[in-house]
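Q: Here you go, one structure.
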Amino acid sequence: MPEPYGIVSGPHSEHSVMLYALSTCVWCRKTRQFLEDAGVTFRFTYVDLLRGQEREDAMSVVHRWNPAASFPTVVIDGTQSVVGFKPDQLKEALGL
């Protein structure tokens, strides 16, 4: 079972990137793989592996950026989000 949260380091650390995902979601895995392949430093949280208040807090953040509360939700610099597996939008937002 994967860790519920963590950090992946890469050479591109110009932006603060947070990936909210589900451990069982194929689109979440594709988004994470895209970020890793692009060498982006990012933090991640697998919301489905959290419990109690931790899970409620994470869902509250996801809901703020994505009212549908769907996954994956990527928050960039605390100013914008990309919802779903959208490599082109991520490239543009991250300047890749």
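Q: For the stretch 39-55, which positions are surrounded by fewer than 14 Cβ atoms within 10 Å (Cβ to Cβ) and in contact with a strand residue (DSSP E or B) (Cβ under 7 Å, 6 or more places away or on another chain)?
A: Residue satisfying the conditions is 39 alone.
Q: Being of a type outside the set (Gly, Ala, Ser) and under 10 Å from the mean Cα position of the chain (by Cα) narrows it down to one residue among 43, 64, 51, 55; which is it?
A: When all the criteria are applied, what remains is 43.
Q: Let me spell it out: the conditions are (1) acidic (Asp, Glu); (2) touching a residue at least 12 places away in the same chain (Cβ under 8 Å); (3) closer than 19 Å to residue 3 by Cα, and residue 56 meets all of them except one. Which number is the exception?
A: The failed condition is (2).
Q: Among the residues of the stretch 56-95, how many are of a type outside the set (Gly, Ala, Ser), surrounded by 15 or more Cβ atoms within 10 Å (Cβ to Cβ) and over 20 Å from residue 25 (Cβ atoms)?
A: Final tally of qualifying residues: 1.
Laboratory data are not the source of any read-out in this text; all were calculated from the coordinates shown. Bear in mind that the values here come from a model prediction, so they are computed numbers and not experimental data. Cβ: placed from backbone, ideal geometry, glycine included. Neighbour counts: every protein chain shown.
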